[in-house]
1. Exactly one of these conditions fails for Ala178: (1) crowded, with 19+ Cβ neighbours inside 10 Å; (2) under 20 Å from the mean Cα position of the chain (by Cα); (3) over 23 Å from Lys283 (Cβ atoms); (4) of a type outside the set (Val, Ile, Thr). Give me its number.
2. When the residues of segment 264-289 are narrowed to those that are among the polar types (S, T, N, Q) and out of contact with any Leu (no Cβ under 6 Å at 6 or more places or on another chain), which ends up nearest to Glu174 (Cα to Cα)?
3. Only one of these conditions is not met by Glu324: (1) touching a residue at least 60 places away in the same chain (Cβ under 8 Å); (2) crowded, with 21+ Cβ neighbours inside 10 Å; (3) part of a helix (DSSP H, G or I). Which number is it?
4. Search segment 49-80 for residues being surrounded by 16 or more Cβ atoms within 10 Å (Cβ to Cβ) and touching a Pro at 6+ places or on another chain (Cβ under 7 Å), and hand back the single one that is farthest from Leu143 (Cα to Cα).
5. Quick check, is Arg46 touching a residue at least 12 places away in the same chain (Cβ under 8 Å), charged (D, E, K, R) and either within 21 Å of Ala349 (Cα to Cα) or in contact with a Cys (Cβ under 6 Å, 6 or more places away or on another chain) (or both)?
6. Among the residues of segment 33-55, what is the count of those that are modelled with pLDDT under 95, touching a helix residue (DSSP H, G or I) at 6+ places or on another chain (Cβ under 8 Å) and not in a loop (DSSP other than H, G, I, E, B)?
7. Checking the condition buried (at least 18 other Cβ atoms within 10 Å of the Cβ), part of a loop (DSSP other than H, G, I, E, B) and modelled with pLDDT under 95, which residue from Asn303, Asn330 passes?
8. Answer with yes or no whether His273 is modelled with pLDDT of 95 or more, touching a strand residue (DSSP E or B) at 6+ places or on another chain (Cβ under 9 Å) and in a helix (DSSP H, G or I).
Amino acid sequence: MRLRQPASIRLVDPPFLGDRLRSTFSAHCTPMTETTTRNRISPQSRRHNDMRREAVRAHPELADLSGTQPLTVLALPVLLAIHWGIAWLVSGQSILVIGLTAFLVGQIVYHSAASLIHETCHKLIFRAPAAKLGFDLGLEFILTTYGKQLVYQHQHITSHHPFIGDYARDYEHEDLCALQARQYIGETSPGLQKILTGLTLFIHALPLGTLVLNDLILPRVYEWASGKPQHDPVERYTGTRPTSREMAPFIAVSILSNVVMLVVLGPWALLYHLWTASFFLGKLGISNLGQSLSEHPGMDMENPTRSTYGPINWLLFNTGYHNEHHSFPNVPWTRLPALHKGAPEVFHAEAEKSYFGCWLDHVKGDFTPSRDLELHQHDQSARCAGKTLND
């Protein structure tokens, strides 16, 4: 007889629902109930559902961990004060001090705030639409993503969670053609690839390097150096998208935040903020990129997700408990350690290296793949040239 899941844990991330999901998304990333769509999600996502059932079957009390943690809202004024306080402190310093502070300190503070996007995406702070929107806009005032946090929320719920390990449907996978073009240069001209790796790091170290210069320069350089396309012509599902109307308040808050910082703290403070965001999003975003690299090995069907335990979680709102999170996406960050302790026989897959270690290996390997996939083991030149639509 099939064990019935307690009602408190039956909320899971939605499978592919296409345009039907948009009507339920006005509050962003609303969890959906598991129905007959089991066969539509990826095998790795299905494995996480099975892990949840195993854990609850052995430890029924774990079902009580689901819910919200509204006290998380108290982190917003603290993070705002820290981030703007640092911006004020460096506003009278040299550009070198501003850049080093953004790299060494700023991106960690920014990462801490950005971790809350993940929490609110799953509606683990507030479920009511108005309260959730208020929190999201408060976070937007700190991060100034110009609405990209809302794009992330859609993609994370409708692309990543239901389709882990599926290149065609999980947006987190790097473009296959860009990856193989880079690997081709590394195999045929390793010295040139080292130069391009250095060029990439240099561009990402510049103010606005990741935000502006990266897309303007690097794809063209790599296409010239490899003679190969940089974009997969085969259409991929990358999740639902917010409407222009949904994006508008986020863009307005970002503009307001930047203007207020410019007027109150001055142009060098704003430079610090933008430089911090650029570091965080690029190849020099050590904690952010390192965390992403550590989370999903790619082809492990038994334990598709890795967790990182330790003090880093104090800063990043327990986002290191990633294996636990993918199995119980409706458990808030404050209860993830209890979930881990409650079912150690289920949650034991730990990342082999720290975020810094994963990042360093990635850079030393001339930007190794973020996930290992079967597709990577085969030459995709015909696909990238648009000669075939088959994987």
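The values are calculated or read from the model by the stated rules, or taken from the named source; none is laboratory data. Model, not experiment: these values are computed from the prediction. Positions of Cβ are generated from backbone atoms using ideal geometry, with glycine treated the same way; all protein chains shown enter the neighbour counts.
1. Evaluating Ala178 over (1) crowded, with 19+ Cβ neighbours inside 10 Å; (2) under 20 Å from the mean Cα position of the chain (by Cα); (3) over 23 Å from Lys283 (Cβ atoms); (4) of a type outside the set (Val, Ile, Thr) leaves (3) as the failure.
2. Among those residues, the one meeting the criterion is Asn288.
3. Status for Glu324: all satisfied but (1).
4. Val56
5. no
6. 2
7. Asn303
8. On the way: modelled with pLDDT of 95 or more: yes; touching a strand residue (DSSP E or B) at 6+ places or on another chain (Cβ under 9 Å): no; in a helix (DSSP H, G or I): yes.
Against the criterion (modelled with pLDDT of 95 or more, touching a strand residue (DSSP E or B) at 6+ places or on another chain (Cβ under 9 Å) and in a helix (DSSP H, G or I)), His273 does not qualify.
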